[in-house]
Amino acid sequence: THEQTLDRDCRTLSRHVLQQLQSFDAAAQDLSALMNRIALAGKLIARRLSRAGLMEGVLGFTGAVNVQGEDVKKMDLYANEVFISVFKQSGLVCRLASEEMATPYYIPENCPIGRYTLLYDPLDGSSNVDINLNVGSIFAIRQQEGNDLDGNAADLLQNGHKQIAAGYILYGPSTMLVYSIGKGTHVFVLDPSLGEFILAIENLQMPASGSIYSVNEGNFWAWDESIRNYVRHVHRQPGYSARYSGALVGDIHRILMQGGVFLYPGTQKNPEGKLRLLYESAPIAFLVEQAGGKASNGTQPLLDIVPNHLHMRTPLIIGSQQNVELVESFIQQADANT
Ligand code: P6P
């Protein structure tokens, strides 16, 4: 009915956060405002992506190399700047820690300072931009602890349970924002005509097991034998499907919605894998666990891992509980045999 449609269109992100918290105190208002800023960043990035092929200076590389040793794409830089611009005057944050910046950006003295830190990967999977495949932004929010006078942000080097909010924005056929503040995982869809993210799925519960496995099998001979044995086992099982887009957010969203498992294991060259703990794996592990799934580095729950530096990488096994436990059983078996 007309009322139902209207009511649905009013289930915006900021209202949802306040409803979740059943509170309107300062902390709740802060979280609602933080999520609103994330939504604004998502809208600005989605708008530019939708015209990437038509605008000068959007596609392609800047010629720079980032702290990860990766070629920086123009869209990476733009997306990074969007988050800084959106949060700089918000009065909500004191620091922004990004995949694109070697050290955190400290909000300048002449701007209002808040007590939260935003950790983010502004445009994950950006190699997909030039081929018009999905890309994503990943974010986590933590409270500042202490006063970080020496500016080395040591309080950020704590495990994923310190995240008070986390999620991602998926720039796909529709733009989706998936988030959690520790009270379930919720999916919003951007209605471009309204310029609002509208609630689509509340309290998403992922399937306990699934038939999708998502891993870059091009690394097969670079993995530990235990991972090769797991994949050999999957190859022999009827009904499994391999799905891998090379962009974490889209690959994870598929697993979140349909069940199964995503893996980025260590390789001989990169024993800790490729994905960064603080602003890729931990935020996504937070969401997946809130949706009833599981995440580990193969031997330890992902959210228990304490980073030793801002850009620390860890192997990632994540998805439906039963699928993750099956992978872990191959790793435990190999460890038992050594
Ligand atoms: P590979 C993108 O560069 C990224 O960081 C993730 O989005 C993605 O899951 C992974 O790397 C893909 O890495 O080595 O399989 O190409």
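The values are calculated or read from the model by the stated rules, or taken from the named source; none is laboratory data. Here the structure is a predicted model, which means the values were calculated and not measured. Quick reminder, even Gly has a Cβ in these numbers, built from the backbone with ideal geometry, and neighbours come from all protein chains shown. SASA here: full protein model, heavy atoms, side chains in, ligands and nucleic acids out. Shrake-Rupley method; radii C 1.70, N 1.55, O 1.52, S 1.80 Å.
Miscellaneous remarks
- Candidates GLU81, GLU56: the one that is of a type in the set (Asp, Glu), open to solvent by 50 Å² or more (accessible area, probe 1.4 Å) and modelled with pLDDT under 90 is GLU56.
- First in segment 53-70 and of a type in the set (Ser, Thr, Tyr), second anywhere and within 16 Å of the ligand (Cβ to nearest atom), Cβ under 6 Å, 6 or more apart: THR62/VAL72; THR62/LYS74; THR62/LEU77
- Of the residues ASN323, ASN308, the single one that is farther than 21 Å from ILE201 by Cα, open to solvent by less than 10 Å² (accessible area, probe 1.4 Å), touching a residue at least 24 places away in the same chain (Cβ under 8 Å) and over 19 Å from the mean Cα position of the chain (by Cα) is ASN323.
- In the set (1) in a helix (DSSP H, G or I); (2) loosely packed, with under 15 Cβ neighbours inside 10 Å, the condition left unmet by LEU194 is number (1).
For (1) away from the ligand (no atom under 12 Å from the Cβ); (2) in a helix (DSSP H, G or I), each residue gets a yes or a no:
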position: HIS233; (1), (2): yes, yes
position: GLY246; (1), (2): no, no
position: VAL249; (1), (2): no, yes
position: THR267; (1), (2): no, no
position: SER281; (1), (2): no, yes
position: GLY292; (1), (2): yes, no
position: GLY298; (1), (2): yes, no
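- For GLU70: the one exception among (1) under 24 Å from VAL189 (Cα atoms); (2) among the acidic types (Asp, Glu); (3) under 20 Å from the mean Cα position of the chain (by Cα): (1)
- Residues of segment 37-52 satisfying the condition of being assigned to a helix (DSSP H, G or I), open to solvent by 70 Å² or more (accessible area, probe 1.4 Å) and either of a type in the set (Lys, Arg) or at pLDDT 95 or above (or both): ARG37, ARG47
- Single residue of ALA165, ALA200, ALA242, ALA222 found to be of a type outside the set (Asp, Glu), at pLDDT 95 or above and under 15 Å from the mean Cα position of the chain (by Cα): ALA165
- Looking only at segment 109-131, and only at residues there that are under 29 Å from ASP71 (Cβ atoms) and away from the ligand (no atom under 16 Å from the Cβ), the one that is farthest from the chain's Cα centre (by Cα): THR117
- Residue in segment 134-148 that is open to solvent by less than 20 Å² (accessible area, probe 1.4 Å) and aromatic (Phe, Trp, Tyr) present: yes
- Residue list for segment 1-20, restricted to those being open to solvent by less than 90 Å² (accessible area, probe 1.4 Å) and not charged (D, E, K, R): THR5, CYS10, THR12, LEU13, SER14, HIS16, VAL17, LEU18, GLN20
- When residues of segment 59-78 are limited to those that are open to solvent by less than 40 Å² (accessible area, probe 1.4 Å) and of a type outside the set (Val, Ile, Thr), the one nearest to PRO192 (Cα to Cα): MET75
- Single residue of segment 220-231 satisfying the filter (touching a residue at least 24 places away in the same chain (Cβ under 8 Å) and of a type in the set (A, V, I, L, M)) that is farthest from the ligand (Cβ to nearest atom): ILE227
- Pairs are defined by a Cβ separation below 8 Å, a sequence spacing of at least 6 or placement on different chains, a first member in segment 233-261 that is farther than 30 Å from PHE139 by Cβ, and a second member that is open to solvent by less than 20 Å² (accessible area, probe 1.4 Å) and more than 16 Å from the ligand (Cβ to nearest atom); the pairs so defined are TYR240/VAL234.
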